[in-house]
1. For the pair residue 119 and residue 84, what calculated FRET efficiency results from E = 1/(1 + (r/R0)^6), where r is the Cβ-Cβ distance and R0 = 22 Å, to the nearest 0.05?
2. Relative to the present Cα-Cα distance, how much length would full extension add between residue 72 and residue 58 at 0.36 nm per residue of separation?
3. When 80, 85, 64 are ordered from fewest to most other Cβ atoms inside 10 Å of their Cβ, what list results?
4. What FRET efficiency comes out for residue 48 versus residue 91 if R0 is 35 angstrom and r is the Cβ-Cβ distance? Round to the nearest 0.05.
5. For region 91-112 and region 51-76, write down the distance between their C-alpha centroids in whole Å.
6. Taking the Cβ of each residue in 53, 42 as the centre, tally the other Cβ atoms inside 10 Å and list the residues starting with the fewest.
7. Arrange the following residues from fewest to most other Cβ atoms within 10 Å of their Cβ: 77, 105, 66.
């Protein structure tokens, strides 16, 4: 349990500094505002992901587009499953939206890195 509290505090402090620098999130310390900040940060990452995905789809041949589409669908299911599992202990609590959206953001950022690599190498896996 102490590890969970420490992790939550780490998320809150990193969210505050990250949100203010990247998204002008108006964080004043309430749980509701932290939840909104986390949601907004996730939305920014999700937009970046969609831009990368569209760019990659535009540059690929048809056979590779099918592979990318299948990969993306599989990743979406995995992302949901991973974040559901990581945040199961906070379900029903006021911190759950923050934990869920920060997990989704983290997983989305990892996927953006993967798509960027594919854009550079043209190797779709």
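Please treat every number below as a calculation from the coordinates, not as lab data. The structure displayed is predicted, hence computed values, not measured ones. Cβ atoms come from the backbone with ideal geometry, glycine included; neighbour counts cover every protein chain shown.
1. Values: r = 29 Å, r/R0 = 1.32.
Given R0 = 22 Å and the Cβ-Cβ separation, E is 0.15.
2. Numbers: separation 14, 0.36 × 14 = 5.04 nm, distance 1.48 nm.
Going from the current span to full extension adds 3.6 nm.
3. Working: 80 13, 85 10, 64 16.
Ascending Cβ contact count within 10 Å gives the list 85, 80, 64.
4. Values: r = 28 Å, r/R0 = 0.79.
Once rounded, the FRET efficiency stands at 0.80.
5. The two parts, judged by their Cα centres, are 24 Å apart.
6. Details: 53 17, 42 20.
Going from least to most buried by this count: 53, 42.
7. Going from sparsest to densest Cβ surroundings: 77, 66, 105.
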